[in-house]
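The values are calculated or read from the model by the stated rules, or taken from the named source; none is laboratory data. Because the structure is predicted, anything quoted here is derived from the model rather than measured. Here the Cβ positions follow ideal geometry from the backbone for every residue, glycine too, while neighbour counts run over all protein chains shown. Keep in mind that these areas ignore ligands, DNA and RNA; they rest on the heavy atoms of the full protein, side chains included. Shrake-Rupley method; radii C 1.70, N 1.55, O 1.52, S 1.80 Å.
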Amino acid sequence: MSYCVNCGVQLDRTARRCPLCNTPILNPKETVDTTSPTPYPKEKGQVDQVKHTDLAILLFSVLGSTSAACGLINFFVVDKSSWSLYIIGVCFMLWVFFIPAVLSTKLPIYVFLLLDGIAVAVYCFLISLNTPSRVWFLELAVPITATITLLVIIFAFLIRNVHASILSGAIYLFTEIGILTVSLECFIRSFLHMEFAMTWSAIVLICCVCIDIVLITIITRSRLREAVRRRMHI
Amino acid sequence: MKKKEKKNLQQKETWYKLDLSANVYPTLQRKNFSSVYRLSVLLKEKINPKLLQEAVDMTLPRFPTFKVAIHKGLFWRYLAPNNRPGPYVQKDVANFCMPMNFKLNNRYLIRLYYYERRFSFECHHSLADGSGGMFVLQTITANYLRLLGHKIPNGGFVLDINEKSKKEETEDAYLRYATSKMRPPRTQEKAYRVRGTVEPFYTLNVIGGIMSTSEIHKKAKWYGASITEYLNAVLLYALIQKQKADRPIKERPVKLAMPVNLRRFFPSQTLRNFITMIYPTIDPRLGDYKFEEILTQVHFYMRYYLNDKFLNADITTNAATRRNPVIRIVPLFIKDFTVKQFYSRVQDKQSSAGLTNMGAITVPPGMEKYIERFDIYMGQPYSARTNCAIVSFGDTLTVNFASSIVESDVEQYFFRKLVEDGIHVKIETNRSHC
Ligand SMILES: [Zn+2]
């Protein structure tokens, strides 16, 4: 029978420390019993994960059969334009979008966002197969999709890891809108072989910067923040 | 064969509405949280899992409201009989009261575990409260002992498995008794909240104290209080000390959320939920309370509130929402959202800890010599804190704390106060480093 010198409670023969205060048990007359079973089991149970296997199969078969049917009709009913590519592309895109919801994998969310971006790009590529020129795909679709994907990933990272509140979320959002409009104008101008200049995007950028400055001031001034919270509380 | 088919058909037609307080628990369901509690019995000999499984299979048909699966309706959830194989007896785990997904485990909302001499029964709170679960635990245990060749009579918590389930056992007793003209408000002041380091997903820290019932009874009597009042006061005392040690900028009242078994006040044989919450409170902003003063406060609070009038008003407030025709036709997902918001923003914040006392458990004559003691656990707390569950059997009284935080200060203050009062306490834990 060992007692904790600190708490005065009796402890189990198998205990090495007092559960209440973490004091190690030193009883020269009775060493810790390591053979008897402990009061509670040692093995930890695993929490089962729900597998939406049925849903995954259903989704896959619905989307798969739709694309297959359209492809076959397009192939057999002779038709010069390959319109079925649009539908196959949409099905593929939807399938990629639903992966994280259906399969509970341990991959980080950024991987899924990246895959979503790639899926959109692939869809654009399928559309470009039906258009006379493919320049727009390389010079507009790819850079724009890449920029948006990157911005969304950065936004997700900031919200998850840096600071998540409505105000800071708004700052991230407006900054990214500014960046996006500027890069949009760049891409469009280079596509049209125009000289680089900022016209309409500059207006949006200035607005975003102004909003950001206001928001940053509100965040850093705690009294101002409290006032906003009081007046805007929901 | 034909008879069996007919019986199956009949079973398929029955379904149960969730009882009044059961409606809350499924809405609180998260990936890492379920309202699951555990009742355990420690036998004198090592458990034979095969026989235990046999006893479970024999017993469960007697309890139709436990052999169910939960389903979503358009407006409310409901329970429907579950005829899938199981539930199976499994080896116990250290982090028990794990979250319970409604779609896994063959959709059963109960779990059965064995470890050495201990048999444990886990139940989702949407099926029954602790007293309801105790019927299942004891009936299974009695049948297990019978399979071992012992003679155990029916009675008390042991139901006759050859009998059919009675209608009164599956009733929603709240609706029958909620008749008060008064409806007290639901919201109260925010209480002190224990702050601690949250354990990683998924850990449950249990610290249990085993004491002598007569020793506690003597001490409580010496103070002029009952066992429940005394232990309530000790926990309040521990929480006040903890708040003081935290050195908060603003002190808050220390409150316990304590379920009351309404069967004591409103006769009912229901095996489902029939409890309501009371909140013994000490406000340290009024000044420093001595232990005796806390005990007096708790003593008179209980005497004042624990009567059919006050409790009826309490359950009428809850029944009013269930009866309100506008609320009834609101789609389930909106109800879920509002209930969850209300619970996590208001209800959960108005108590510092949970405390439940099931009191003295009795077993049919002849069964007590095979049982060493009972243990009950409130399960994983909804927010970071510790919950305390008390039960006694013969001269053994156990107090089990279940917490989701690393620190064990509250438990330490609690048991140290008991030791100071001259009570012999033996501590057991599932913490891996101890
Ligand atoms: Zn100690």
For A:Asp12, other-chain or 5+-apart residues with amide H closer than 5 Å (H placed, Pro excluded) are B:Ile427
By accessible area (1.4 Å), largest first, A:Glu195, B:Glu372 order as A:Glu195, B:Glu372
Under 5 Å between amide hydrogens, which residues at least 5 positions from B:Val158 or on another chain qualify, with H placed 1.01 Å from N in the peptide plane? none
Reachable aspartates and glutamates from B:Lys242, Cα under 12 Å, same-chain residues fewer than 8 places away excluded? B:Glu251, B:Glu407, B:Asp409, B:Glu411
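Below 8 Å between Cα atoms, with a sequence gap of 6+, how large is the relative contact order for chain B in percent?
On the way: 816 pairs, mean separation 105.4, N = 434.
After rounding, I find 24 percent.
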For chain B, the accessible surface attributable to carbon and sulfur atoms (probe 1.4 angstrom, ligands and nucleic acids excluded) amounts in percent to 55
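Set the bar at 28 Å for Cα to Cα. Now go through B:Lys91/B:Lys164; A:Lys44/B:Lys218; B:Lys167/B:Lys255; B:Lys221/B:Lys426; B:Lys44/B:Lys167; B:Lys67/B:Lys335 and name every pair that lies beyond it.
Numbers: B:Lys91/B:Lys164 31 Å; A:Lys44/B:Lys218 39 Å; B:Lys167/B:Lys255 37 Å; B:Lys221/B:Lys426 22 Å; B:Lys44/B:Lys167 35 Å; B:Lys67/B:Lys335 26 Å.
In this structure, B:Lys91/B:Lys164; A:Lys44/B:Lys218; B:Lys167/B:Lys255; B:Lys44/B:Lys167 lie more than 28 Å apart at Cα.
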Cβ under 12 Å from B:Arg183's Cβ, B:Arg183 left aside: what net charge do those residues give with Lys, Arg +1 and Asp, Glu -1? +2
Any idea how far the Cα center of the stretch B:392-417 sits from the one of the stretch A:1-71, in Å? 20
Each label point is 7 Å from the Cα along the Cα-to-Cβ direction; what then is the distance between the points at B:Ala360 and A:Ile148, in nm? 7.3
Looking at chain B only, what percent of DSSP beta bridges run antiparallel? Nearest 5 please. 85
So if R0 is 30 Å, what FRET efficiency would A:Val90 and A:Glu139 give, r being the distance between their Cβ atoms, rounded to the nearest 0.05? 0.80
For the protein assembly as shown, Cys with no neighbouring Cys Cβ under 4.7 Å: A:Cys21, A:Cys70, A:Cys91, A:Cys124, A:Cys186, A:Cys207, A:Cys208, A:Cys210, B:Cys97, B:Cys123, B:Cys388, B:Cys434
Cα-based Debye curve of the protein assembly as shown sampled at q = 0.08, 0.09 Å⁻¹ gives log₁₀ I(q)/I(0) of -0.77, -0.92
Inter-part distance where the stretch B:217-239 and the stretch B:8-78 are each reduced to a Cα centre, Å: 34
Relative to the longest principal axis of the C-alpha atoms of chain A, give the angle of the C-alpha long axis of helix A:53-76, reported between 0 and 90° and rounded to the nearest 10°. 20
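Using packing as a proxy for protection, rank B:391-402, B:80-91 so that the peptide with the highest average count of other Cβ atoms within 10 Å comes first. Before the final figure, lay out each step's value.
Working: B:391-402: 21.8, B:80-91: 15.5.
Highest mean packing first, the order is B:391-402, B:80-91.
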Between the stretch B:154-171 and the stretch B:261-305, the Cα center-to-center distance that results, in Å: 30
State the extension gain, in nm to one decimal, for the chain segment bounded by B:Leu147 and B:Glu54, taking 0.36 nm per residue of separation less the distance between their alpha-carbons. 32.6 nm
Taking H placed 1.01 Å from N in the peptide plane, check which residues at least 5 places from B:Ile278 or on another chain put their amide H under 5 Å from its amide H. B:Met258, B:Val260
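Hey, what's the Kirkwood Rh for chain B if you take every pair of different alpha carbons, in angstrom? Present the calculation step by step, with values, prior to reporting the outcome.
Details: mean 1/r = 0.0444 Å⁻¹.
Hydrodynamic radius (Kirkwood, Cα only) of chain B equals 22.5 Å.
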Ranked output for segments A:21-31, B:256-266 by mean other Cβ atoms within 10 Å, highest leading, reads B:256-266, A:21-31
Helix-only mean residue ellipticity at 222 nm for chain A, each DSSP H run of n ≥ 4 adding -39500 (n - 2.57), per residue, nearest 500: -20000 deg cm²/dmol
Sorting B:Lys426, B:Lys166 by accessible area (1.4 Å probe), largest first, what list results? B:Lys166, B:Lys426
Read phi for every residue in the stretch B:205-211 and hand back ³J(HN,Hα) as whole Hz from Karplus 6.51 cos²θ - 1.76 cosθ + 1.60, θ = phi - 60°, with x for Gly and Pro. 9, 10, 10, x, x, 10, 9
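Counting only other chains, what is the mean number of Cβ atoms within 10 angstrom of the Cβ of each residue in peptide B:417-429? Could the numbers behind the result be given before it?
Details: counts 0, 2, 6, 1, 0, 0, 1, 4, 8, 7, 12, 9, 10.
That works out to 5 on average.
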Around B:Asn82 (Cβ within 10 Å, Cβ-to-Cβ, excluding B:Asn82; K/R +1, D/E -1) the net charge comes to +3
Using a Förster distance of 45 angstrom, determine the FRET efficiency expected from the C-beta separation of A:Arg225 and B:Lys166, and round it to 0.05. 0.15
I need the shape label for chain A. Rule: rounded when a/c is under 1.5, else prolate if a/b > b/c, else oblate, with a, b, c from the alpha carbon gyration tensor. oblate
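Given the protein assembly as shown, what percent of its DSSP beta bridges are antiparallel, to the nearest 5?
Percentage antiparallel, nearest 5: 85.
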Computed E for A:Thr34/A:Cys207 - FRET, C-beta separation, R0 60 angstrom, nearest 0.05: 0.30
Probe 1.4 Å, all chains present, heavy atoms only: B:Tyr343 accessible area in Å², nearest 10, is 50
Around B:Trp222, with a cut-off of 15 angstrom between Cβ atoms, what is the net charge of the other residues, counting Lys and Arg +1 and Asp and Glu -1? -1
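Just checking the output field for B:94-100: average partner chain Cβ neighbours within 10 Å of each residue's Cβ? Before the final figure, lay out the partial values.
Working: counts 7, 7, 4, 1, 5, 2, 2.
Partner Cβ neighbours, averaged per residue: 4.
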With no solvent and one equal point scatterer placed on each C-alpha of the stretch A:127-234, evaluate the Debye formula and give log10 I(q)/I(0) for q = 0.13, 0.17, 0.18 Å⁻¹, two decimals. -0.63, -0.89, -0.95
Take B:Leu28, A:Leu224 and sort them by solvent-accessible surface of the protein heavy atoms, 1.4 Å probe, largest at the top. A:Leu224, B:Leu28
Average Cα contact separation per residue, the stretch A:51-131, under 8 Å, 6 or more apart, as relative contact order %: 38
For the stretch B:1-131, the Cα-Cα pair-distance distribution in 10 Å bins from 0, as whole percents, is 11, 41, 33, 14, 1
Enumerate by residue number the trypsin sites (Lys or Arg not before Pro) in the stretch B:42-78 meeting two conditions: DSSP loop (anything except H, G, I, E, B), and at most 10 other Cβ atoms within 10 Å of the site's Cβ. B:Lys44
Estimated inter-spin distance, B:Arg30 and B:Arg328, nm [label 7 Å along Cα→Cβ]: 3.3
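How many partner chain Cβ atoms sit within 10 Å of a residue's Cβ in peptide B:402-415, on average, as a whole number?
Values: counts 0, 0, 0, 0, 0, 0, 5, 2, 0, 4, 9, 1, 1, 7.
For peptide B:402-415, the averaged partner shielding equals 2.
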DSSP beta bridges in the stretch B:235-361: the antiparallel percent, rounded to 5, is 75
